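Contents: one structure, followed by commentary.
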Amino acid sequence: MKGILVIIDGAGDLPCNQFDGKTPLEAAETPNLDFFASRGEMGYMYPVKPGFIPESDEAIVSIFGNDLISSTRGQLEARGTDLKLIRGDLALRVNFATIDDLKSKNVIDRRAGRTLTTSEAEILSKALNKIKLPCKFIFKPTIQHRACLVFKGGFSDNISGNDLTYIQGQFKTADKVGFCKPLDEDENSQYTANIVNEFIEKAFEILDKHPINDARRTKGLMPANYLMVRGAGIEVPKLKVYRKWVSTAYMPLEIGFSKTSGMEVYSFEYPKLKNFDAYQNLHDALEKACGHSIKILKNHYKDFDYMYVHFKETDLPGHDNKPMEKKLMIEYIDKIFFKFLRGFAPQNKIKVIVTADHSTPCRLKAHSADPVPVLFYNDSIPRQRKFCEKEARKGALGRILGPELLQKLGFVK
């Protein structure tokens with residue numbers, strides 16, 4: 001193996017009062033990441049371009065050298081969920097969410113409090129799949145509050161989502177939900193928007209009165225009574241091919257991206273959320289992800305030229321304004337995965353890139369346009385340095401744009 005790309009999702013941040021003006025990455029005890037930083041080069045990257053606030057799919061697509069128009073979030077998520085798609089099937093990413101009522105549409109929580117258990121999501125999804133529409137569809141829950149929705153047939157994807165938080169190139173947390181709207185005057189776009197809106201309205205009627213949500217209210221939990229959709233797509237993503245790569249992706253988006261990019265994917269089943277403790281679930285998953293990536297690296301480093309490792313969990317504390325949780329997760333990844341890599345990479349002359357797909361500052365509770373740190377371990381002359389945003393800004397690699405990263409550091413020709 002020649003190189004490993006490690007993406008720590010949403011790791012970039014801004015100074016936090018809890019850490020006396022340091023970021024979670026700067027405050028974290030990361031001796032193994034710092035080992036790589038002291039024997040490599042650093043820089044900072046705008047995952048798409050300066051001033052652009054990327055969604056996760058846009059960042060990954062860009063970092064691997066693709067144009068943003070080459071894929072959609074819905075198609076990547078559906079392909080990562082093993083849903084069978086043909087051209088014209090409309091795929092959407094979905095959140096179970098909480099609103100007050102269908103008239104006001106005030107958003108209480110975009111993720112139903114992060115407490116929707118796996119079994120609850122499965123039961124609610126069975127009810128949703130019984131909705132009557134003039135077309136076939138599949139609703140499939142994935143992980144925690146997430147799901148995929150596919151409408152079978154000849155639809156348009158030139159429609160907006162109903163989640164007003166997501167505006168291309170921006171990320172503004174919305175306090176209301178909207179309607180899906182056609183983005184052109186084509187009759188099929190109008191028909192598609194109408195079908196999706198009809199499904200969402202019928203879904204609310206089922207979800208809001210469902211015994212699962214009645215029980216959640218009794219327990220003081222937010223009801224998962226609404227669906228937020230985004231990332232409409234009907235076309236097979238046209239992505240660059242990375243056939244000599246292996247991926248350890250385990251979230252639907254990253255699995256779908258890796259498969260569509262021609263990588264060999266070794267995944268694992270995400271731990272089920274059983275007891276409403278979303279963060280215990282995230283820590284369990286992070287433990288599993290680190291062990292899984294180490295196992296695949298040990299067993300397959302001679303079979304591939306490059307490896308793509310993506311740790312998702314570090315993004316969630318940023319959205320929830322939990323800098324201590326973010327710091328603890330970074331420290332855990334360092335203690336387990338990077339400790340192993342510290343012994344493995346130099347011994348096997350493997351180069352390592354460590355970066356993030358975007359910044360998710362805790363105080364903003366959202367993605368931002370801030371650049372992310374980049375570390376390139378190439379076994380250079382040792383210097384005392386720490387892997388963090390501040391040091392990366394001073395690094396010899398300087399400013400990098402996402403589409404340039406892999407080529408500039410020699411991971412692609």
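Observations, loosely collected:
- Counting only Cβ charges, +1 for Lys and Arg and -1 for Asp and Glu, the dipole size of the chain around its Cα centre is about 880 debye.
- Computed over the alpha-carbon atoms, the stretch 264-413 gives an Rg to Rh ratio of 0.96, Rh here being the Kirkwood radius from the mean inverse distance.
- Relative to one another, the C-alpha centroids of the stretch 35-49 and the stretch 102-160 are positioned 38 Å apart.
- Legend: residue pairs Lys84/Lys413; Lys244/Lys408; Lys126/Lys274; Lys152/Lys181; Lys132/Lys176, Cα-Cα distance threshold 22 Å; pairs beyond threshold, Lys84/Lys413; Lys132/Lys176.
- Straight-line reach from Lys390: taking Cα to Cα under 19 Å and skipping same-chain neighbours fewer than 8 places apart, the aspartates and glutamates in range are Asp9, Asp13, Asp20, Glu26, Glu29, Asp34, Glu41, Glu331, Asp334, Asp357, Asp370.
- Cβ-Cβ distance of Lys349 and Ala127, R₀ of 60 Å, FRET efficiency by 1/(1 + (r/R0)^6): the value works out to about 0.65.
- Centre separation in Å (Cα based) which lies between the stretch 314-388 and the stretch 168-233: 34
- Chain lengthening between Lys176 and Asn194 when straightened (0.36 nm per residue, less Cα-Cα): 4.6 nm
- Once the Cα-Cα distance is subtracted from the 0.36 nm per residue extended length, the Asn321 to Gln18 segment shows a gain of 108.0 nm.
- Lys, Arg +1 and Asp, Glu -1 on Cβ, resulting dipole of the stretch 79-233 about Cα centre, debye, nearest 20: 540
- Note: the stretch 79-233, Cα convex hull, 113 Å³ per residue.
- Value of relative contact order over the stretch 79-233, rounded to a whole percent, pairs C-alpha under 8 Å and six or more apart: 33
- Calculated FRET value between Lys136 and Asp379, using beta carbons and R₀ = 56 Å, to 0.05: 0.50
- Model label zone, Arg393; criterion: amide N under 12 Å from point 7 Å along Cα-to-beta-carbon; scope the stretch 32-49: 44
- Bridge orientation summary for the chain: considering DSSP beta bridges with both residues in this region, about 60 percent are antiparallel.
- Working from Cα pairs under 8 Å separated by at least six residues, relative contact order for the chain is 35 percent.
- Distance between the pseudo-spin-label points of Lys408 and Ser70 (7 Å out from Cα toward the beta carbon): 1.8 nm.
None of the figures in this text is laboratory data; all of them are computed from the coordinates on show. Predicted model only: the values in this text are computed from it and were never measured. Cβ atoms come from the backbone with ideal geometry, glycine included; neighbour counts cover every protein chain shown.
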